[in-house]
Amino acid sequence: EEGNPYVVGSVTIEGNRHTKPEVIEREIRLKPGEKYNIDKIRQSEDELLLTGLFSRVELIGTIDSKDPSRKNIKVAVLENKAGSGELGLGAVFEDPRFRFRGFVGMAYNNVFGLNQTASARTEVGLPLNSNLTTLPFIEYSAILGYRAPYLFNIPAVFFSQASLDNYEVGTS
């Protein structure tokens, strides 16, 4: 912007019902007292959208009525639904067997409002021989996962997963 540069005044957040303010503040590249920068405003919007928590993000700078050298920033967000699920059927051919597979999974993407994800998925398979007759066993797997960005305020993504799987389990 031409003329005297503005300084960031207050930063307010609106629209977050589940997400904690510190999760949003962490992605905002301008802090109170810093020089107002439109490029950092746009970068902050992009960073907030990349979290996957919001379908809409807008940072609006308005001149402070009490101090015309300051611009206050209003962060307006619209949260996505946090839960998701998957359900599917499929088939695969691995010589000499043909397998029918079904899976179901679910995830919650904003655990405790901290942008952490808990997920569970299970898969069951039924193998067939070359004559397309059912073999006397099933296959199954189950996976539990947890993803946490900024765990203990460290700027890294921590991911943990536990799984149980067994193939060719007899049914007779």
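The values are calculated or read from the model by the stated rules, or taken from the named source; none is laboratory data. Being a predicted model, the structure only gives us computed values, none of them experimental. Neighbour counts are summed over all protein chains in view; Cβ atoms, including those assigned to glycine, are modelled from backbone coordinates with ideal geometry. Ligands, DNA and RNA are excluded from the accessible area calculation, which covers all protein heavy atoms including side chains. Shrake-Rupley method; radii C 1.70, N 1.55, O 1.52, S 1.80 Å.
Here are a few things to note about the model shown:
- Residue in region 77-88 that is farthest from N109 (Cα to Cα), counting only those that are open to solvent by less than 30 Å² (accessible area, probe 1.4 Å) and at pLDDT 95 or above: G88
- Which numbered condition S44 misses (of (1) open to solvent by less than 70 Å² (accessible area, probe 1.4 Å); (2) not in a helix (DSSP H, G or I)): (2)
- Against the numbered list (1) open to solvent by 60 Å² or more (accessible area, probe 1.4 Å); (2) without any contact (Cβ under 8 Å) to a residue 24 or more places away in the chain, T122 comes up short only at (1).
- If you filter region 125-149 down to residues that are open to solvent by less than 20 Å² (accessible area, probe 1.4 Å) and of a type in the set (A, V, I, L, M), you find that the one that is nearest to the chain's Cα centre (by Cα) is A148.
- Qualifying residues in region 29-72 (those that are of a type in the set (D, E, K, R) and touching a residue at least 40 places away in the same chain (Cβ under 8 Å)) - the one farthest from A107 (Cα to Cα): D67
- The set of residues in region 1-21 that are surrounded by 12 or more Cβ atoms within 10 Å (Cβ to Cβ) and free of Cβ contacts under 8 Å to residues at least 12 places away in the same chain contains only P21.
- Filtered residue count, region 48-60, keeping only those that are touching a strand residue (DSSP E or B) at 6+ places or on another chain (Cβ under 9 Å) and surrounded by fewer than 18 Cβ atoms within 10 Å (Cβ to Cβ): 6
- Of the residues examined, R26 is one that is touching a residue at least 60 places away in the same chain (Cβ under 8 Å), surrounded by 12 or more Cβ atoms within 10 Å (Cβ to Cβ) and outside any loop (DSSP other than H, G, I, E, B).
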